[in-house]
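Worksheet for the structure shown next.
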């Protein structure tokens, strides 16, 4: 019984802590550092820096089939948590145990080479997204067809509107399934028609993916997409479970502040 | 992800950036070659004819110092702002920052190789230097490449935190150009000032290359090579330390 349960766990987060040195919070120039180092050399070298815990003891499991919506006010550590899960940030303590393939998008308004056409950007991004795939062309072609960009696909990416960029990137990233997909506020910014269209594709894609983590400020989108909600607050998990209860909890917290 | 996959990503990114760069230019690649050619042309006239620096095969001597110097400085100057310029890309997707930087350095190395072949080989062919020693070039270029890469990594990471680094580098390089034995041999430096050459890492990176190109005297080559590798190892360590220390703040500062 336990063994089947374990195999369903795609990713395990154990007591995850991420902190930043508070001193680095404002942008310093070399002069400030130099003045600080010269006027208080011992402090500069040995004084323990004040720490700010963005994530402070996060524990949860991601199981197959979970579609987790992360809610939390600005600065509650949503993106930091996603970056940790994606392996972009190393936590100072705690562990993330996983053998799953994880794909993460944090913004859809980005092309790599603005001078190159949408098609060329798509090819390049496909190679960066799917490094294990030898021939990415089928995926790229499928994504281009889905994006309905028509002849715009051979126009330089820099001439695309935000919606067109978002269409191409979301089409591309959803052209191939993955174990865990992380989407951090990627639907925000595009207009409602794009959102509806892409959300539909995302939902079917999300069903194919092993598990999904979805960050959004829109509780409506969370309701549509997710089957679990995780509420972050002050670097800890405030709630993890049922969607409606989670959203309720989130609004409760927000109104208190 | 294995190194092989990173390497593929670096190649793809380099190709795309070459394509992107030359699409919006008129003469494209010619500029890349023209820069070292003009630098070399002007300097060889000034130093050989005006200042009358007297040494055998001065043109090859100058090239042996100038080409690695141009590679070193242009890589660092193009590489240092890479993370800041590509900040949006790095924040948007899960792409290893080293892939983006690696592509920039590879790009620069391709320029170096192209200008080397186009400028150096005609010179080399007309002189009576043994061509066989050119086979040692890859070994001589390795510490230059590793050292340049490590310094670029360190500076590009620091540039995310202290944006002024990018501006300071141009100024530092214009000073360093005169303090590095590029257009004059070390023997011209008075004993009192020799320490300036000794503490200058660029000198160690250039030396093996120049030994092959110019002196063709391989008595002390192994020692020169060892020093060069040692200097690059120091910068590898510094780069690793800086990355380890700054890694977590990196994405917040981008």
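Figure legend. Inter-residue proximity from the stretch B:236-252: first residues within 14 Å of another protein chain (Cβ to nearest Cβ) and at positive phi, second residues at pLDDT 80 or above and part of a helix (DSSP H, G or I), beta-carbon distance below 8 Å, spacing 6+ or different chains. No pairs are indicated.
Just to be sure before I move on: is residue B:171 out of contact with any helix residue (DSSP H, G or I) (no Cβ under 8 Å at 6 or more places or on another chain), surrounded by fewer than 15 Cβ atoms within 10 Å (Cβ to Cβ) and away from chain A (no Cβ under 14 Å) in the structure I sent? Reasoning before the result, please.
Details: out of contact with any helix residue (DSSP H, G or I) (no Cβ under 8 Å at 6 or more places or on another chain): yes; surrounded by fewer than 15 Cβ atoms within 10 Å (Cβ to Cβ): yes; away from chain A (no Cβ under 14 Å): no.
So residue B:171 fails the test.
For the stretch A:109-124, filtered to residues that are within 10 Å of another protein chain (Cβ to nearest Cβ) and out of contact with any strand residue (DSSP E or B) (no Cβ under 8 Å at 6 or more places or on another chain), the residue that is surrounded by the fewest Cβ atoms within 10 Å (Cβ to Cβ) is A:109. Cβ separations smaller than 6 Å between residues 6+ apart or across chains give no pair from the stretch A:204-225 residues that are without any contact (Cβ under 8 Å) to a residue 24 or more places away in the chain to residues that are in a loop (DSSP other than H, G, I, E, B). Taken residue by residue, the stretch B:83-90 has at least one member that is modelled with pLDDT under 90 and over 24 Å from residue B:168 (Cβ atoms).
Looking only at residues that are in contact with a helix residue (DSSP H, G or I) (Cβ under 7 Å, 6 or more places away or on another chain) and at the interface with chain B (Cβ under 7 Å from one of its Cβ atoms) in the stretch A:72-91, which one is surrounded by the fewest Cβ atoms within 10 Å (Cβ to Cβ)?
Here is the first cut: in the stretch A:72-91, the ones in contact with a helix residue (DSSP H, G or I) (Cβ under 7 Å, 6 or more places away or on another chain) are A:72-73, A:83, A:88-91.
Filter once more, keeping what is at the interface with chain B (Cβ under 7 Å from one of its Cβ atoms): A:83, A:88-90.
Working: A:83: 23, A:88: 22, A:89: 22, A:90: 12.
The selected residue is A:90.
Apart from one condition, residue B:165 fits all of (1) in a helix (DSSP H, G or I); (2) under 15 Å from the mean Cα position of the chain (by Cα); the exception is (2).
Of everything listed in (1) more than 10 Å from chain B (Cβ to nearest Cβ); (2) touching a helix residue (DSSP H, G or I) at 6+ places or on another chain (Cβ under 6 Å); (3) surrounded by fewer than 23 Cβ atoms within 10 Å (Cβ to Cβ), the single unmet condition for residue A:96 is (2). Scanning the stretch A:133-157 for residues that are assigned to a loop (DSSP other than H, G, I, E, B) and farther than 23 Å from residue B:10 by Cα, we see that the one that is farthest from the chain's Cα centre (by Cα) is A:155. Filtering the stretch B:17-63 to residues that are within 14 Å of chain A (Cβ to nearest Cβ), buried (at least 17 other Cβ atoms within 10 Å of the Cβ) and either under 21 Å from the mean Cα position of the chain (by Cα) or not in a helix (DSSP H, G or I) (or both) leaves B:17, B:18.
Taking the stretch B:89-119 as the search range and keeping residues that are in a helix (DSSP H, G or I) and without any contact (Cβ under 8 Å) to a residue 24 or more places away in the chain, which one is surrounded by the fewest Cβ atoms within 10 Å (Cβ to Cβ)?
Within the stretch B:89-119, the subset in a helix (DSSP H, G or I) is B:89-92, B:97-119.
Still in the running and without any contact (Cβ under 8 Å) to a residue 24 or more places away in the chain: B:89, B:92, B:113, B:117.
On the way: B:89: 20, B:92: 21, B:113: 13, B:117: 11.
Among those that are in a helix (DSSP H, G or I) and without any contact (Cβ under 8 Å) to a residue 24 or more places away in the chain, it is B:117.
The values are calculated or read from the model by the stated rules, or taken from the named source; none is laboratory data. Only a predicted model underlies this, so the values are computations on that prediction, with no experimental measurement involved. Positions of Cβ are backbone-derived with ideal geometry, glycine not excepted, and every protein chain shown enters the neighbour counts.
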